Amino acid sequence: MIDWLRFSRAQTAIYVLAAFALIALAAWRAESLAAERDRIVKTAELQAATMALGTASYVDRTIDVAELLSDDVRKHIARLGGLSRISPDDLHAFIADKVGETTMHDYLTVVDMSGRPVVLSDRAAAPNVHLNDRGWFKALQG
């Protein structure tokens, strides 16, 4: 055999110890990377769950506020004798005041029975469009 491949016992022991050290270092690094990955995944899952809860809470609050606002507008219109008996300017002022009382950016539209917008909360003049072909309008008609 070739002489340079022959090692003394001390050299062989050093090389074997070095090989074991490299294997141990590689195993330790693999374990630490796996633990770090697990930590990152758990943190991401916790953040996603927290964001989902926050979003659900915000959506619930938004829907509650919208329902309260629409109930107030509906009661106001009924108290004054119906939509045909209220001037659009007065109804707009009422709706704008109601929307201004909330901490959320709300947008309300009052639509007559034929599907034409009568009043919008964010501007005085309602657009001349017909909404009677929209799915939400048809659903509200029953």
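The values are calculated or read from the model by the stated rules, or taken from the named source; none is laboratory data. In this text the structure is predicted, and so the values were computed from the model without any measurement. Positions of Cβ are backbone-derived with ideal geometry, glycine not excepted, and every protein chain shown enters the neighbour counts. Keep in mind that these areas ignore ligands, DNA and RNA; they rest on the heavy atoms of the full protein, side chains included. Shrake-Rupley method; radii C 1.70, N 1.55, O 1.52, S 1.80 Å.
Structure notes:
- Efficiency of FRET from Cβ geometry, A66 and D89, R₀ 22 Å, rounded to 0.05: 0.40
- A simple spin-label model places pseudo-atoms 7 Å from Cα toward Cβ; at R123 and A18 they are separated by 8.0 nm.
- Given the chain, longest segment not containing exposed loop chymotrypsin sites (Phe, Trp or Tyr not before Pro) (DSSP; at most 13 other Cβ within 10 Å): 8-106
- Where H130, H76, H105 fall by accessible area, highest first, once all protein chains stay in place (1.4 Å): H105, H130, H76
- The chain: relative contact order in percent, alpha carbon pairs under 8 Å with at least 6 residues between: 12
- Per residue accessible area of region 49-142, 1.4 Å probe, in Å²: 69
- Those trypsin sites (Lys or Arg not before Pro) in region 105-139 that DSSP places in a loop and that have at most 13 other beta carbons within 10 Å: R123, R134
- Amide proton proximity set for L131, modelled H, under 5 Å, gap of 5+: R116
- All aspartates and glutamates inside 18 Å of K138 as judged from Cα atoms, apart from same-chain residues fewer than 8 positions distant: D112
- Environment charge of A124, counting only residues whose C-beta is closer than 15 Å and scoring Lys/Arg +1, Asp/Glu -1: -3
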